[in-house]
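Data first, discussion second: the structure below is written as structure tokens.
The values are calculated or read from the model by the stated rules, or taken from the named source; none is laboratory data. Just so it is clear, the model here is predicted, and its values are computed rather than measured. Virtual Cβ from ideal backbone geometry, glycine too; neighbours counted across all protein chains shown.
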Amino acid sequence: MAISRDVVEHEAAHYVAARAFGVRVERVEVVGDAPGKAGSCAYRAGDWFPNGSWGGLWLERCAAALAPQIWLKELAPKRLRPRGVEADNALVDRVLRETLPPDADPFHRRQLRRRAEDRAQEVLSGRRDEVLAFADGLARHGIWTARDGFGGPRVGHIRRAVRPAGCSLDRPETGRSAARRPAPRPVLSREEEHQRAVMESLRTLVARGLVSSFDAEAACRRAGFRTEFRYGRTA
């Protein structure tokens with residue numbers, strides 16, 4: 001069955017935004033033609049942020065969830081009305097509830113959502129080619145995994161149920177199945193090891209609130225590093 005273009009671009013926007021924030025994406029998959037019910041983008045963010053999950057980086061987490069809506073409405077070559085965004089909006093609402101005090105003003109909540117939308121637009125506007133290229137690959141193969149790239153096995157090395165499109169945080173498998181499929185450790189050059197050490201140090205500072213994610217990204221650019229990562233290394 002042919003997959004609508006907005007479905008693959010929806011998942012591609014999740015993927016590119018998460019990678020831009022330094023979050024490891026385990027797999028992206030589309031299995032049907034209904035956005036929000038036909039795809040998933042599974043993150044494993046606990047590896048990168050010391051506090052687990054997104055390490056308190058609520059703005060980036062919301063921005064990654066809202067990325068498809070910003071992309072399809074404002075940045076895609078063919079502007080489309082986003083469909084199937086209920087799960088993404090629900091995640092944003094939950095993150096804001098956890099971030100704000102219970103008596104927070106609704107206007108303040110809307111302001112924070114707008115900040116997340118602006119952050120998503122800032123990240124995606126400079127990565128249009130990456131979103132389109134990833135969407136093309138996803139349209140051809142239907143699945144991408146961190147281990148195998150496009151066209152990898154649909155039963156991967158992490159255990160999960162097919163979930164609505166959005167920011168599901170899946171955990172690695174344990175037990176016998178994990179032992180049968182150990183994740184390969186990449187061989188890095190000395191320069192790549194240095195870059196990875198710098199990136200991990202910046203992520204720790206951001207997670208502890210000592211440096212903003214914007215300043216960390218700017219520092220990466222000044223050092224000549226890209227801000228997308230694979231397996232803890234610059235891509």
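Checking each residue of the range 115-129 against the condition of being surrounded by fewer than 19 Cβ atoms within 10 Å (Cβ to Cβ), farther than 24 Å from residue 27 by Cα and more than 17 Å from the chain's Cα centre (by Cα) gives at least one match.
The requirement of being touching a residue at least 60 places away in the same chain (Cβ under 8 Å) and within 21 Å of residue 61 (Cα to Cα) is fulfilled nowhere in the range 95-111; no residue meets it. Candidates are the residues of the range 172-229 that are of a type in the set (S, T, N, Q) and not assigned by TED's automatic domain parsing to the domain that holds residue 121; the one that is modelled with the lowest pLDDT is 227.
Table: residues versus (1) modelled with pLDDT under 85; (2) out of contact with any helix residue (DSSP H, G or I) (no Cβ under 7 Å at 6 or more places or on another chain); (3) of a type in the set (Val, Ile, Thr); (4) surrounded by fewer than 23 Cβ atoms within 10 Å (Cβ to Cβ).
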{"residue": "2", "(1), (2), (3), (4)": "yes, yes, no, yes"}
{"residue": "7", "(1), (2), (3), (4)": "no, yes, yes, no"}
{"residue": "16", "(1), (2), (3), (4)": "no, no, yes, no"}
{"residue": "24", "(1), (2), (3), (4)": "yes, no, no, yes"}
{"residue": "28", "(1), (2), (3), (4)": "no, no, yes, no"}
{"residue": "32", "(1), (2), (3), (4)": "yes, yes, no, yes"}
{"residue": "38", "(1), (2), (3), (4)": "yes, no, no, yes"}
{"residue": "43", "(1), (2), (3), (4)": "yes, no, no, no"}
{"residue": "49", "(1), (2), (3), (4)": "yes, no, no, yes"}
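For residue 73, the criteria (1) over 17 Å from residue 6 (Cβ atoms); (2) out of contact with any helix residue (DSSP H, G or I) (no Cβ under 9 Å at 6 or more places or on another chain) hold in every case but one, which is (1).
Filtered by the rule that a residue be free of Cβ contacts under 8 Å to residues at least 24 places away in the same chain and either outside any helix (DSSP H, G or I) or hydroxyl-bearing (Ser, Thr, Tyr) (or both), the range 112-143 gives a lone residue, 126.
Could you tell me whether the range 73-84 includes any residue that is modelled with pLDDT of 80 or more, under 18 Å from the mean Cα position of the chain (by Cα), assigned by TED's automatic domain parsing to the domain that holds residue 26 and assigned to a helix (DSSP H, G or I)? Within the range 73-84, one or more residues are modelled with pLDDT of 80 or more, under 18 Å from the mean Cα position of the chain (by Cα), assigned by TED's automatic domain parsing to the domain that holds residue 26 and assigned to a helix (DSSP H, G or I).
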